[in-house]
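**Student:** Questions regarding the structure given below will be posed in turn.
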Amino acid sequence: MDLQKLWEDYRNTQDAQTRERLLLHYLPLVKIVAGRMKQTLPQAVQLADLEGTGARGLIQAIDGYDHNRGIKFESYASLRIRGAILDGLREYDWLPRSIRSKSKSLERAFETCECRQSGIPDDADVAEEMGISIDDYYQLLEEVGSLKIVSLDSEPEGADGAGSYHEIIPDYDVSDPLENLQHEEEKQLAVKWLEELPERMRQVMVLYYYEELTLKEIGEVLNLSESRICQIHTSAIHSIRARLQLEHVA
């Protein structure tokens, strides 16, 4: 198959059959993204459901892809597939209320510590703010991180639809200059605070979101247990979420 010619034909004709051929060619990408995400989700979430919603993201990626932007289609499509899967999971809302409450408490504690210290708090600071022991705090991080999609893909409360934290490549159909600017500001803030994280947190975030390794694979790279990687990841996410939330309040 001459893939370049196929893309040229589709750009020129928007032919449904050509679109279907592109879809079939890139379907394995949906399986890869869905498979990686499934490893971090509860058993109740079925891989077939993830692949189904991911396929919708692939269709959106094919329709919205602009080769003139100089971005590899696979990179762009992976984000759209991931975003579609996350949207589907949020619609399903499988998160137990008790875990949601704990996550909110954890987020509020991070916000308080970030505001008081004007910097990234360590684990002991947040545990003290929550009034729990450091062991209970680590258990909470693991519990929240393993059951919830605590990620940069979630939208900050009060953000008025500004978009997700992990929207590295914005939708191509966004035409409002002010909205584009707001997306760019969100990205720059997230990148800035990512660089300010302690080295181990930063390593976990880069390996998870940019290298797309699983928590288990990251543990093997950093010589740490999967549960400890889960704790570090959850802590890093809540730190960035707290900063972004404070930014919106300000």
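Computed from the coordinates by the stated procedures, all read-outs in this text should not be read as laboratory data. These numbers were taken from a predicted model, which means no experiment stands behind them. Counting neighbours? That spans all protein chains shown, and the Cβs are built from the backbone with ideal geometry, glycine included.
**Student:** Give the peptides 55-61, 78-84, 28-34, 230-236 in descending order of average Cβ contacts within 10 Å, highest first.
**Tutor:** Numbers: 55-61: 20.6, 78-84: 23.0, 28-34: 18.1, 230-236: 24.9.
By packing density, highest mean first, the sequence is 230-236, 78-84, 55-61, 28-34.
**Student:** Net charge around Arg36, counting only other residues with Cβ within less than 13 Å of its Cβ (Lys, Arg = +1; Asp, Glu = -1)?
**Tutor:** Numbers: positive: Lys31, Lys38, Arg82, Lys216; negative: Glu51, Glu211, Glu212, Glu217.
After counting each charged neighbour, the total is 0.
**Student:** Can you run phi through the Karplus equation (6.51, -1.76, 1.60; θ = phi - 60°) for the stretch 6-20 and list ³J(HN,Hα) in whole Hz, with x for Gly and Pro?
**Tutor:** 4, 5, 4, 4, 5, 4, 7, 10, 6, 5, 5, 5, 5, 4, 5
**Student:** What percent does the relative contact order of the stretch 3-92 come to when contacts are Cα pairs within less than 8 Å and at least six residues apart? Walk me through the numbers on the way to the answer.
**Tutor:** Details: 72 pairs, mean separation 25.6, N = 90.
Reported relative contact order: 28 percent.
**Student:** With respect to the cross-link table entries Lys72/Lys216; Lys72/Lys104; Lys5/Lys192; Lys38/Lys72, which display a Cα-Cα separation exceeding 31 Å?
**Tutor:** Working: Lys72/Lys216 27 Å; Lys72/Lys104 37 Å; Lys5/Lys192 40 Å; Lys38/Lys72 24 Å.
Correct reply: Lys72/Lys104; Lys5/Lys192.
**Student:** Can you tell me the length gained on complete extension of the stretch His67 to Val191, counting 0.36 nm per residue apart and subtracting the Cα distance? Mind dumping the intermediate values first?
**Tutor:** Numbers: separation 124, 0.36 × 124 = 44.64 nm, distance 2.48 nm.
Gain on stretching His67 to Val191: 42.2 nm.
**Student:** Shifting gears a bit: Karplus couplings for the stretch 49-61 from phi (6.51 cos²θ - 1.76 cosθ + 1.60, θ = phi - 60°), rounded to Hz, Gly and Pro as x?
**Tutor:** So the Karplus estimates, Gly and Pro as x, are 5, 4, 5, x, 6, x, 4, 5, x, 5, 4, 4, 5 Hz.
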